[in-house]
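Single-structure report; data block below.
Bear in mind these aren't lab numbers, they're just calculated from the coordinates by the rules spelled out. This is a predicted model, so every value here is computed, not measured. As a convention, Cβ positions derive from the backbone with ideal geometry for all residues, glycine included, and neighbour counts pool all protein chains shown.
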Amino acid sequence: MNIAVVGTGYVGLVTGVGLSAIGHHVTCIDIDEEKVNKMKQGISPIFEPGLEDLMKENILADRLHFTTNYADTFLNLDIVYIAVGTPENEDGTANLTFIDKVVDQIAYYTKKEIIVVTKSTVPVGTNHYIKDKLTKQNPNVAFEVVSNPEFLREGSAVYDVFHGSRIVIGSDSEAAAEVMHQVNEPFGIPIFKTDTCSAEMIKYASNAFLATKISFINEIANVCEKVNADIEEVALGMGLDNRIGSQFLKAGIGYGGSCFPKDTKALKQIADEVDYEFGLLNAVIEFNNKQRKKLLNQALLDFDSLAGKNIGILGLAFKPDTDDIREAASLEIIPELVKMGANVKAYDPVAMDNAKKVLPAEVTYVDSPTLALADTDLVFILTEWADIRDLPLSTFENQMRNSNVYDGRNCFSQKDIQQSNLQSYYSIGRAAKRQEVLV
Ligand code: UDX
């Protein structure tokens, strides 16, 4: 099959590379010429484990191409994927400006029958809107439209493209759905075919459900703290029930990233527009906003003031194995600390360049977790990177001026904490090692 993928963000690029790896001829289109030139050499614009190797392999095999040129790409094309961003409008609705622009281009350049596949996360009904728009602009061509939502996790996107739990194909055309079935069959992942609107809803409902699961376990964690239960034990015990499942029961400082915050708000808007008050989802969103500030609020309870304190930050990315800082807890906490007059020193293995663009200029960046701890009064652990989880607790004791540790990702076991000489340790949902006097 000749396939084009428009948009080379992490969804478009990983999808394009994945489709080429199973044997299709894929051209990825992007408007950014500099980015396209780099990708032609196998250089990925995003940090995603395994991606560059797979890009290079498929470029060499002549199955994967990059271009800014629609005209040439559309000369002989069977399928075009739309994988551009649908950022959040101020009111929480999904912004379809990029989708509209791509649809205009597809209508303009398509000369023969084509299947248009929407990978971007779009409000329910958008695929019907896309089909109407294409048909109005170019009535000579038979366009079929398929919703094919993505479920890729950042940091494991390459793994997920080959090992995902399902591929959802939503179309009102049986013929188009069948072609898409054949295109995706080599991935060896279960394929679920359904109608277009249901496919669009599956994406929002899945992300909203996972966000709810995280908020639920975080609320249980907050209760555990008060009743002397241990959230790690509680989550293990709950997860043994297959109906609950053990995944997404990791308590912490809330969810972030490019999907959950945006998609939960978009689903709330979708419900609002049809006059349905989605109370549960509203609570999930509001609770998560509070949870992201939990460490800061705890530190403010423990100390009269954080002004003048030396504070280390371990981890800036919204989760490990990515340089993405969108909606990360670090963006909530660090500006507040700076405003309060704290001296902030931060470390992240890959996200520091992105963080420098948006965090206050007063923040100092260091190249190792140990340097981030040196001479500090408090440390906030915001991302559970392996090199942070693997730090011996003696490093905290030896490097910090006052070893007060606020661990938002429960990186250390209760046993290790009990045996340590840390001055204080606070984590989420566990009876913490607390001492009366904090310095
Ligand atoms: C998510 C979905 O998993 C993916 O299917 C979707 O298409 C895109 O959004 P992603 O945002 O990359 O993927 O990360 P994910 O691993 O799902 O984590 C999202 C957030 O939830 C992170 O901030 C993570 O720290 C948090 N999380 C996750 C928890 O706090 N606890 C958990 O148990 C799991």
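Cross-link partners of LYS56 among aspartates and glutamates, defined as those whose alpha carbon lies under 15 angstrom from its own and excluding same-chain residues fewer than eight positions apart: GLU48.
GNM on the chain, alpha-carbon springs under 10 angstrom: the most fluctuating residue among GLY23, GLY85, GLY315 is GLY23.
Applying D = kT/(6 pi eta Rh) to the chain, where Rh is the Kirkwood radius over alpha-carbon pairs, T corresponds to 4 °C and eta to 1.567 mPa s, the Stokes-Einstein value obtained is 55 µm²/s.
For CYS28, nonlocal amide neighbours, meaning residues 5 or more places apart or on other chains whose placed amide H falls under 5 Å from its own, are VAL5, HIS65, PHE66, THR67.
If I take R0 = 41 Å and measure r between the Cβ atoms of ILE244 and VAL350 in this structure, what FRET efficiency does the formula 1/(1 + (r/R0)^6) give, to the nearest 0.05? The pair ILE244/VAL350 has a calculated efficiency of 0.80. Rounded to the nearest Hz, the phi-derived 3J(HN,Hα) couplings of segment 368-383 under the Karplus curve 6.51 cos²θ - 1.76 cosθ + 1.60 (θ = phi - 60°) are 8, x, 4, 5, 5, 8, 3, 6, 9, 9, 8, 10, 10, 9, 10, 9, where x marks glycine and proline. Relative to the longest principal axis of the Cα atoms of the chain, the long axis of helix 126-137 lies at roughly 40 degrees.
For ASP304, put the label point 7 Å out on the Cα→Cβ axis and report which residues of segment 325-346 keep their amide N under 19 Å from it. Only 340-343 fall inside the zone, counting backbone N under 19 Å. Checking the cross-link filter: which lysines have an alpha carbon closer than 18 Å to that of LYS112, excluding same-chain neighbours under 8 positions apart? Reachable lysines: LYS131, LYS133, LYS136.
Using alpha-carbon pairs under 8 Å, 6+ residues apart, how would you state the relative contact order of the chain in percent? Show your work: numbers first, answer last.
Details: 871 pairs, mean separation 49.3, N = 439.
Value for the chain: 11 percent.
Between 0 and 90 degrees, the angle of helix 174-184 with respect to the longest Cα principal axis of the chain falls at about 60 degrees.
For the chain, the antiparallel share of DSSP beta bridges with both residues in that region comes to about 5%. The lysines whose alpha-carbon is closer than 19 Å to the alpha-carbon of LYS294, local same-chain residues fewer than 8 away aside, are LYS213, LYS226, LYS250, LYS309, LYS319, LYS339, LYS433.
Let me have the relative contact order for segment 267-382, percent, based on Cα pairs under 8 Å that are six or more residues apart. Write down the numbers at each step before the final one.
Values: 166 pairs, mean separation 32.1, N = 116.
Relative contact order here is 28 percent.
Taking VAL158, VAL405, VAL183 as the candidate residues, the one with maximal mean-square fluctuation in a Gaussian network model of the chain, Cα springs under 10 Å, is VAL183. Normalising the average separation of contacting C-alpha pairs (under 8 angstrom, six or more residues apart) by the number of residues puts the relative contact order of segment 105-145 at 58 percent.
Per-residue ellipticity at 222 nm computed for the chain from its helices equals -13000 deg cm²/dmol, with DSSP H segments shorter than 4 residues left out and the rest contributing -39,500 (n - 2.57). The GNM of the chain, with springs linking C-alpha atoms under 10 angstrom apart, assigns the highest mean-square fluctuation among GLU219, GLU327, GLU90 to GLU90. Compared with the dominant principal axis of the Cα atoms in the chain, helix 10-21 is inclined by about 60°. FRET efficiency for the pair GLU219 and LYS111, taken as 1/(1 + (r/R0)^6) with r the Cβ-Cβ distance and R0 = 51 Å, rounds to 0.40. Restricting the calculation to Cα atoms, segment 203-290 yields a radius of gyration followed by a Dmax of 13.9, 43 Å.
Contour minus end-to-end for LYS136 and ASP375, with contour as 0.36 nm per residue of separation and end-to-end as the Cα-Cα distance? Write out the running numbers ahead of the final one.
Values: separation 239, 0.36 × 239 = 86.04 nm, distance 6.58 nm.
Net length gain for the segment: 79.5 nm.
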